Amino acid sequence: MTGGPATEEHYTAAMVLSGAGDALGFRNQQWEYNESGPDIHQELKELGGLNNIQVQLPDWPVSDDTVLHLATAEGLATGKCGEELLQEVASRYVVAMTDMEGRKPGPSSMLGVSQLRPGEEGGYRVPYNPDGTGCGAAMRSMCIGLRYPKPDQLLSLVAIAVETGRMTHPHPTGFLGAVASALFAAYAVQRRPITTWGFGLLNEACPIAWSFVQGRGYAVEESERDWSYFSDKWTWYLGQRGLTGAGPVTWPASYGPAERDLAYKSFSLSGWAGRSGHDAPMIALDALLGAGPDWEELMSRAGFHGGDSDSTAVIAACCWGLLYGTQAVHPGNYQNLEYRDRLERSAQALYALAHSA
């Protein structure tokens, strides 16, 4: 981890590398839908390796993940709060859905946004969806941690993550993924040891999320019914990695691309690694724990695996950028990235807001 506090440069690295990780894991629809990590690694080798890839249009567009992450970030960057902020973000999600050609948005994201009515009272609320368990809320919420990075802002972070998350993913497995991604970004800003992030999610953020859901009085019964899967699976994962106490991290004896494919499937809800709200941030955390300051290793673990590889990479790369900046990243991986200017502007605005009070 870099010494010293997170600077504006770290914020910029976080937003830009999140987009780069997304574009790399997506590979214009080719790798997001490839179920074999070893096959992806072979294709990567044939491309000349990660440092040989120029992430730019037309071959390496960002996916729906970055378009929706930008919508969240640019909504937060307005400085609005409360209901006004929720209406703003809902409005931006509606606009973002007009920029999805070839980007493969998920079914819950499309359904949820189609039900939003920004400008109307409560128009950022959608009906409970028992299938809203996907990673669409998790993949677009890291920026919430950039806006509310301080320990004493945890209530705000959780509230905004829950409410923006359930605009499309009203199931706890979906919107708690938004809490996880936002929280991990905030922990990265705080320079909190990565080995403690999962414990903090379960024991600090999730109880606040449940109190918030109860207090808002929306879909409380359904949320209570479906609540336990997220925390049960995270408890299981932390046990697997030896992270229920002080560590150290427990790794399988062999953990290459093929072994990771099997492990990530075991994290998943239905066999599609990283597709759900609980396991997209879980795979991202797993990659951050294993890669340290090595960008190539991070992408190997978070971006080049069988499953929803762009959604795991967008989360992991954002947190990694907050920790390490861009110095160790080949410029070709991000300098001509689609929407780089918007990602940088939103990072600068969020940094200013986070440090204004």
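Only the coordinates and a few stated rules stand behind these numbers; no lab work does. Given the structure is predicted, the values throughout are model-derived calculations rather than measurements. Every residue, glycine as well, gets a Cβ built from its backbone with ideal geometry; the counts of neighbours run over all protein chains shown.
Grab the chain and count how many Lys pairs have their alpha-carbon atoms under 26 Å apart, sequence gap of 8 or more, or different chains.
Lysine pairs, 8 or more places apart or on different chains, close enough: 5.
Of the options PRO5, THR250, GLY303, report the single residue whose Cα projects farthest towards the positive end of the charge dipole of the chain (beta-carbon charges: Lys, Arg +1; Asp, Glu -1).
PRO5
Applying the Karplus parametrisation 6.51 cos²θ - 1.76 cosθ + 1.60 with θ = phi - 60° to the phi angles of the range 97-106, what ³J(HN,Hα) value in whole Hz is obtained for each residue in order, glycine and proline being reported as x?
5, 8, 10, 10, 4, x, 9, 6, x, x
Quick query: amide H of GLY134 versus all other amide H atoms, modeled in the peptide plane; which residues come in under 5 Å with a sequence gap of 5 or more or a different chain?
GLY277
Label-point separation (nm) for TYR255 and TYR128, each offset 7 Å from Cα along Cα-to-Cβ?
3.8 nm
For the range 171-292, what relative contact order do you get, as a whole percent, if you take Cα pairs closer than 8 Å and at least 6 residues apart?
Relative contact order comes out at 34 percent.
Rank LEU68, ALA23, THR196 by how far each Cα sits towards the positive end of the charge dipole of the chain (+1 on Lys, Arg Cβ; -1 on Asp, Glu Cβ) and give me just the farthest.
Selected residue: THR196.
Would you calculate a helix-derived [θ] at 222 nm for the chain, using -39,500 (n - 2.57) for each DSSP H run of n ≥ 4 and dividing by the full residue count, to the nearest 500?
It lands at -17500 deg cm²/dmol.
Tell me, what HN-Hα J-couplings in whole Hz come from the Karplus equation 6.51 cos²θ - 1.76 cosθ + 1.60 at θ = phi - 60° for each residue of the range 129-136, using x for Gly and Pro?
Values per residue, Gly and Pro as x: 10, x, 9, x, 9, x, 8, x Hz.
For the range 145-162 and the range 305-334, write down the distance between their C-alpha centroids in whole Å.
If we compute the Cα centre of each part, the gap is 22 Å.
Would you work out which of MET142, CYS206, GLY132 lies farthest towards the positive end of the dipole of the chain? Charges go on Cβ: Lys and Arg +1, Asp and Glu -1.
About the Cα centre, the residue reaching furthest to the positive side is CYS206.
Taking H placed 1.01 Å from N in the peptide plane, check which residues at least 5 places from ASN129 or on another chain put their amide H under 5 Å from its amide H.
Excluding prolines and chain starts, which carry no amide H, the hits are HIS171.
Any idea how far the Cα center of the range 117-136 sits from the one of the range 1-40, in Å?
27 Å
Whole-Hz Karplus ³J(HN,Hα) for the range 196-212, in order, using 6.51 cos²θ - 1.76 cosθ + 1.60 and θ = phi - 60°, x for Gly and Pro?
9, 5, x, 4, x, 4, 6, 9, 10, 7, 4, x, 5, 4, 5, 4, 5
Multiplying the sequence separation of ASN52 and ARG342 by 0.36 nm and subtracting their Cα-Cα distance, what value in nm do you get?
Using 0.36 nm per residue and subtracting the Cα-Cα distance, I get 101.9 nm.
Could you work out the relative contact order of the chain, using alpha carbon pairs under 8 angstrom and six or more residues apart, expressed as a whole percent?
32 percent
What ranking of TRP31, TRP236 emerges when the number of other C-beta atoms within 10 Å of each C-beta is taken as an exposure proxy, fewest first?
Lowest count first: TRP236, TRP31.
Can you give me the long-range amide H partners of THR7? Hydrogens built in the peptide plane at 1.01 Å from N, cutoff under 5 Å, separation of 5 or more residues or another chain.
For THR7, no residues qualify.
Using +1 on the beta carbon of Lys and Arg, -1 on that of Asp and Glu, and nothing else charged, what's the dipole of the range 8-354 about the Cα centre, debye to 20?
Roughly 520 debye, rounded to the nearest 20.
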